[in-house]
1. Scan the range 8-59 for residues that are among the aliphatic types (A, V, I, L, M), modelled with pLDDT under 55 and farther than 20 Å from Ser159 by Cβ and jot them down.
2. Answer with yes or no whether Thr179 is touching a residue at least 12 places away in the same chain (Cβ under 8 Å) and crowded, with 22+ Cβ neighbours inside 10 Å.
3. Looking at this structure, is Asn164 buried (at least 24 other Cβ atoms within 10 Å of the Cβ) and assigned to a loop (DSSP other than H, G, I, E, B)?
4. Condition first: in contact with a strand residue (DSSP E or B) (Cβ under 8 Å, 6 or more places away or on another chain), surrounded by fewer than 18 Cβ atoms within 10 Å (Cβ to Cβ) and either polar (S, T, N, Q) or not assigned by TED's automatic domain parsing to the domain that holds Ala38 (or both). Now tell me which residues in the range 105-122 satisfy that.
5. If Ser145 meets every condition in (1) in a loop (DSSP other than H, G, I, E, B); (2) over 24 Å from Phe223 (Cβ atoms); (3) in contact with a helix residue (DSSP H, G or I) (Cβ under 7 Å, 6 or more places away or on another chain); (4) not β-branched (Val, Ile, Thr) apart from one, which number is that one?
6. Among the residues of the range 92-104, how many are buried (at least 18 other Cβ atoms within 10 Å of the Cβ), in a loop (DSSP other than H, G, I, E, B) and of a type in the set (Gly, Ala, Ser)?
7. If we keep just the residues of the range 74-91 that are part of a loop (DSSP other than H, G, I, E, B) and at pLDDT below 95, which is nearest to Val31 (Cα to Cα)?
8. Mind listing whichever residues of the range 79-104 are in contact with a Phe, Trp or Tyr (Cβ under 9 Å, 6 or more places away or on another chain) and either free of Cβ contacts under 8 Å to residues at least 24 places away in the same chain or closer than 13 Å to Val176 by Cβ (or both)?
Amino acid sequence: MRPAKILLILVCGAFSAAGIAGTRQEFTLTVRPAEGWAGGAMTQARSLGFFRGRNLGCEISNRDGTVNCVAADYDPAVNGGDAMQCATSVAAFPSFAKNVRAINNASAVLLYFDPATGICTDLVLIQGSQFLSDQLHGLPAPAKSNIVIGSGYARGFLSGVRYNDTNPNEFISCDVHATGLVHCVARDNAGSVAECFTTESANPSFAEAARAIDAISYVGFVFGSTGVCSKLFLRKDASSLP
């Protein structure tokens, strides 16, 4: 089973809820060079500490358009760990580069690569309320928000849902695969789940909106009876700042 599929099962299934607020999904930095993948939630990878040998990220060169991604989970305390590196280019894999540019503090990232060649083969970018950090750095929590699910739609504020301590079961997120799949899912406090699927080729504007989701986003997605995503509404404003 690909880790991306495992992640989707976690999204629709059991969660590890943070004590201070709404749903938080644990996605610890994991590196599997021999299996050709690595991934983790960006805020959780950040908490591990770059200078202790742990990191997850990508860079794009303005000079020649190369894209390089790295992941490492070394633990000096046990003198062990793994690392990986893969490369592609903006010209060869433009959707991969788009996903790299869209990584932010609401992101979880799954990197896939060919262990034999070191070529990146996919980047699954998951933008979700469940990946926001625990810390508000002394700032007041955003106005409370709840996920609303209706017939053919779901909507909610990422930070409002994440930092609302009365809605421990709720979340909203969308993921974009560099290879084309786009998927959005939400769950309300009663346990109802709404989700939809499309592809970037079928609905490029939906994919671009999904990439743009971050901590200050209000997100609403619309879908038909067959579960195909049709529209994604995205609003960003100061009242949603975490």
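1. Within the range 8-59, Leu8, Ile9, Leu10, Ala14, Leu48 qualify.
2. When the stated conditions are applied, Thr179 does not pass them.
3. yes
4. Thr121
5. It fails just one condition, (2).
6. The qualifying residues number 0.
7. Among those that are part of a loop (DSSP other than H, G, I, E, B) and at pLDDT below 95, it is Asp82.
8. Scanning the range 79-104 gives a single hit, Gly80.
The values are calculated or read from the model by the stated rules, or taken from the named source; none is laboratory data. Here the structure is a predicted model, which means the values were calculated and not measured. All Cβ positions, glycine included, derive from the backbone under ideal geometry; neighbour counts span all protein chains shown.
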